[in-house]
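Student: I'd like to ask you about the structure that follows.
Since every read-out is calculated from the coordinates, none of them should be taken as a lab result. Bear in mind the structure is a predicted one, so any value in this text is a computation, not a measurement. Every residue, glycine as well, gets a Cβ built from its backbone with ideal geometry; the counts of neighbours run over all protein chains shown.
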Amino acid sequence: MNLKEKAVFAVNALKKEYPDAICSLNASNDFELLVATRLSAQCTDARVNIVTPELFSKYKTLEDYAEAKLEDVEKIVRPCGFYHTKAKDIIAMAKMIIERFDSKVPDNIEDLTSLPGVGRKTANLICGDIYGKPAVVADTHLIRITNLLGFVDTKDPYKVEMRLKEILPPEESNDFCHRCVLHGRAVCIARRPQCNNCCLGEICSFKKTNS
């Protein structure tokens, strides 16, 4: 199999293993997902999901966030770490979306990454999950697993994103990323991958060199 054929194999294998390709961050609208993803930087999704219900119940609109007091937001998001920067970014994002984007979360990478604290990983998640566009969310699970598979040979998130956009079927790329997160937590665990239980073993470079 060539690389694109292996990518299709991986897409289908993970689809069978994890039928529901869902984001592990809880959010009920586009801005909430943007906020949750910002909070998830250097923090587990599980912890973010514990923190956001209070935040989302207190601030329901973009205007609520834009007018929020920094110390009030900081108090809520403190358990997520780097709370001062994250709280400041959340408020600034809301203000910029209101002022520059007519109160609508942008639907493209360039505009999304112009928002405070928003990098390509977050921008791709919004483009994929909210707007249904082809996207590659280069998080730690995706980077680790695609390196083990031999799809990429770099830990650089941007290079991983660009390479996977070349070999993954565009319509499957966003869900593939979500499924890699699920697979990384359940089977291909960092430092102790369960290769004997892996649905990707047939095409995995790591397993072939370590079996």
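Student: Could you give me the ³J(HN,Hα) list for region 182-188, computed from phi with Karplus coefficients 6.51, -1.76, 1.60 and θ = phi - 60°, whole Hz, x at Gly and Pro?
Tutor: My calculation for region 182-188 gives 4, 5, x, 7, 8, 10, 7 Hz in order.
Student: Enter the mean projected area of the convex hull around the alpha-carbon atoms of region 30-130, in nm², rounded to one decimal.
Tutor: 5.5
Student: Rounded to a whole number of µm²/s, how large is the Stokes-Einstein D of region 76-191 at 4 °C and 1.567 mPa s, given Rh as the Kirkwood radius over C-alpha pairs?
Tutor: Rounded, D is 84 µm²/s.
Student: Taking only Cα atoms of region 122-163, what ratio of Rg to Rh do you get with Rh as the Kirkwood inverse-distance radius?
Tutor: That ratio is 1.01, to two decimals.
Student: If you take the beta carbon distance between Thr85 and Leu3 as r and set R0 to 35 Å, what does 1/(1 + (r/R0)^6) give as a FRET efficiency, to the nearest 0.05?
Tutor: Once rounded, the FRET efficiency stands at 0.35.
Student: Above 22 Å lies some portion of the pair distances; for region 1-74, what is it as a whole percent of all C-alpha pairs?
Tutor: Every Cα pair in region 1-74 considered, those over 22 Å come to 43 percent.
Student: Report ³J(HN,Hα) in whole Hz for each residue of region 3-19, in order, from the Karplus equation J = 6.51 cos²θ - 1.76 cosθ + 1.60 where θ = phi - 60°; Gly and Pro get x.
Tutor: After applying 6.51 cos²θ - 1.76 cosθ + 1.60, I find 5, 5, 5, 5, 5, 5, 4, 5, 4, 5, 5, 6, 5, 5, 6, 10, x Hz.
Student: Hey, of [x] 40, 22, 12; [y] 23, 21, 15; [z] 34, 18, 14, which did the structure itself give for semi-axes √(5λ) of the Cα gyration tensor in Å when calculated?
Tutor: [z]
Student: How big is the Rg/Rh ratio for region 146-211, C-alpha atoms only, Rh by Kirkwood, two decimals?
Tutor: Ratio of gyration radius to Kirkwood radius: 0.95.
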